[in-house]
Structures are given as structure tokens and as C-alpha cells.
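Okay, structure first, notes after.
The numbers here are math on the coordinates, done by the rules we state, and not lab data. The shown structure was predicted, so the numbers you read here are calculated from the model rather than taken from an experiment. FYI the Cβ positions are ideal-geometry reconstructions off the backbone, even for glycines, and counts take in every protein chain you see.
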Amino acid sequence: MNLNLRTTQVDLAERSYPVLSGPGALSASMDRVATLCPNGRLICVTDETVATLHLETLTGVCEEAGIHLHPLIVPPGESQKSFARLEALCGDLLALEVERGEAIAAFGGGVVGDLTGFASAIVKRGTGFIQIPTTLLAQVDSSVGGKTAINMPAGKNLIGAFHQPALVIADIAFLQTLPARQMRAGYAEIVKYAALGDATFFNWLESNGAAALAGDEGKLTEVISQAIAGKAGIVARDERESGERALLNLGHSFGHALESQAGFEDALLHGEAVAAGMDIAFAYAVHLGLCPQEDHALLRRHLRVSGLPSCLSEAPGGPYTASAMIHSLNNDKKNRNGNLRLVLPRGLGTTFVYVEADVQSLENFLNVQLGAG
Ligand code: GLY
């Protein structure tokens, strides 16, 4: 028996699904995968990097389960979340005569998951969908919850659909080949779950996060399954982000504002942007008198010891300007009635949506944080 294998249910009535995480999750999922492949084949979208490292493994495990794997391989990188790539992928799926009743698998990181999920949402008005995330960030965040999207020149993830997978398989074996920088970036999303709603988990991370990042199997499985459970609960309560789910964007509005200047590729990884963005959110909440300084100090210390950017001036990929950040914040999907909506903390583990009435004072604050004020 595999004591480290975890199953978390995302409760969405008839669209509920399990997330299997930990070591051995892939082989333990094959019975479920088989039920989602009624014609005995699994069309699997992956990228060149993941294909080189892991496609043989996935093909072998599928073959043992009597499933024929049909890979569709796309180039790596955020630039693939485009209309052109989506059109080509939909064309490939139609050429394979994909049926609504069969599942398409996304095998890779967040880019492959978002692109494949969106194609699955729209081809023949929707097919089945399986997420097999291979990065820490995708395992704890983007593979769970059904957000799928491509990017537009105006911003990230602006065209997409909510399309829940039928199954998520987060096997930590795939993380063994992940570069340390990518592991740390994924860890930022784990810290986010703790910072936004679970102070006890934050305390646990302070003691155990380093071991998880260093690859301790038990600790890594624990942080991943805790993060997945945190997200699954929020998604079950607010699938379409009409309320609580917005809190999952802690650090993201400021983070996207940095990413849009850095170019959404390797100069600044998404998780690094989220780490710096969380620090800005805490710093701003302290500045507004909403959050104790000590909580910000604890967050900053943990980001720093985890090798993540722990303040705006440490974020790689700059230089950044406050005016460009404000421009990006003005285009944020969360804004309502022309007002910026920022996820801010009242303390570690307690967050809320703050409606920003004074954009000029936010810009002045960002200028100070950037060392330009
Ligand atoms: N990544 C944030 C969400 O899924 O809502």
C-alpha cells in the first residue's frame, strides 16, 4: 500500500472529480483513466521538453493499462497560449476525429494545461479532459479548478473558459527533473495558500518547507496535498470566482503587473512574480494600517529563506516602473466599475478584496518600493 498517495475530491455536484497526488499517483490512476477513454486511446497534448523527459513513461504506463497514447507535441513556452496554436491544436484534434465522450490529457505545466483545457472546452462544444501536471506550480494551482485560457496582446488569460477536468494526476515523480528555480517558483503558490487563508499551514511551512523543496518525499506530498485541498475547497464553494475564489489571486495582480513588463517568459517566472506580488500586497496592507508589520516580516523572511524574491526590488527581470504597473493593474480582470480590486491581507492567513479608491497614492507607494520615490 502506498501511504503517501493522497486523493482530494473537488466537490462540484455532477462535475466533481478527484485529484490524486503523491508518489505513484500515475499508475494508481490508470483504472480511472481507462473509464475516460471509451475507445481505448488517450490523446495527450504535451510540449517538447516534457515529451523528451517523460513521454516514454506515460506511454508505458498507459500501454500496461491497455490504453493507446496518441501524443500531440507543441513547442514549450507561454507564447504557445495563442489563437494560432489553439487553432492548430483544434485542427489536430478534429483530424483525429476526437469524440465528445473521450478525454484529452494535458501532460505538462501550466501552459500546456491552459491551452489543452481551452481546446477541450471548445472542440465539438466540449470533450472530456484530464490534467497530468508535471510542474509543482501546475500540480498545486493551475491543474485544479477548471480555469483554461490563452493570452492576448492586451494581457494574460483574457480569452478562455471554465472547463473542469474529470481527473487530475499530480505524481511527484515528474518533479524530479524540474529545475530548482521552477520548484521554488511553484512553492510560491503553496506559500500563497497559507498566506491567504491558513496561518497553521504557514507555521508548518516555516518548519518543513525547506525539506519539501529539497525533495523529501513525505514533506513534498504533504505540502502539495495541503495546497490542493485548500484550492479544492475554495473552488467547490465559488467555482466561477464571484467571491471567495478571488482570494486565490493574492500576489497575482501585482505579480502580473511585473510579468507584463518582464515579458511572461523566463526572465521572471510566474511563481517569482507571485512571491514579489505577495510581498507588495503585505507591504501595502501594512502601509494602509490594515495588517500588522510582524506578519509582513514573517512572510518576507519565509520567502527569502525559500530562495524567492521577497521584495519588489529583488524581483528578477526588471527594471520595473510604477506607472507601467498601474497600467497593468487598470486592466486586471478583477476590477469592477472602473475600480481596482486588490487582494490584501489583514494578517497571515486572513485576506479580503480591497477596493482601491486612490490609484495615485498606490503609484506613489510602488515608486517608493521600487526605490524611485
Ligand atoms: N489560479 C487561481 C485560480 O485558479 O482561481
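Summary of computed values
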{"quantity": "Under 23 Å, Cα to Cα: Lys pairs in the chain, sequence gap 8 or more or different chains", "calculated": "22"}
{"quantity": "Net length gained if the chain between residue 176 and residue 237 were fully extended (0.36 nm per residue, minus Cα distance)", "calculated": "18.7 nm"}
{"quantity": "Rounded to 10°, Cα long-axis angle of helix 110-122 versus longest principal axis of the chain", "calculated": "60"}
{"quantity": "Difference of contour (0.36 nm per residue) and Cα-Cα distance, residue 96 to residue 324", "calculated": "77.7 nm"}
{"quantity": "Tilt relative to the chain, helix 180-197 - C-alpha long axis, 0 to 90 degrees, to 10", "calculated": "70"}
{"quantity": "Per-peptide average of other Cβ atoms within 10 Å, ordering 114-124, 242-252 highest first", "calculated": "114-124, 242-252"}
{"quantity": "Gyration tensor (Cα) of the range 1-110, equivalent ellipsoid semi-axes in angstrom", "calculated": "24, 17, 16"}
{"quantity": "Stokes-Einstein diffusion coefficient of the range 218-275, Kirkwood radius over Cα pairs, 37 °C, 0.692 mPa s, in µm²/s", "calculated": "254"}
{"quantity": "Nearest 10 degrees, 0 to 90: helix 252-262 Cα axis against the chain principal axis", "calculated": "90"}
{"quantity": "At 1.002 mPa s and 20 °C, Stokes diffusion of the range 226-373 via Kirkwood alpha-carbon radius, µm² per second", "calculated": "139"}
{"quantity": "Packing-based ranking, highest mean first, of 139-146, 19-26 given that Cβ atoms within 10 Å are counted", "calculated": "139-146, 19-26"}
{"quantity": "For the chain, alpha-carbon Rg and Dmax in angstrom", "calculated": "20.0, 63"}
{"quantity": "The range 167-208: C-alpha gyration tensor shape, a/c 1.5 cut-off, then a/b vs b/c", "calculated": "prolate"}
{"quantity": "Sequence-distant residues sharing a close amide H with residue 41 (under 5 Å, placed H)", "calculated": "68"}
{"quantity": "Charge sum, other residues only, whose C-beta stays under 12 Å from residue 4's C-beta, Lys/Arg counted +1 and Asp/Glu -1", "calculated": "-2"}
{"quantity": "Highest-first arrangement of 335-344, 354-363, where packing means the average Cβ count within 10 Å", "calculated": "335-344, 354-363"}
{"quantity": "Contour minus Cα-Cα distance for residue 200 and residue 305 (0.36 nm per residue)", "calculated": "35.9 nm"}
{"quantity": "Residues residue 48 and residue 331, FRET efficiency given R0 of 30 Å [Cβ-Cβ distance, rounded to 0.05]", "calculated": "0.45"}
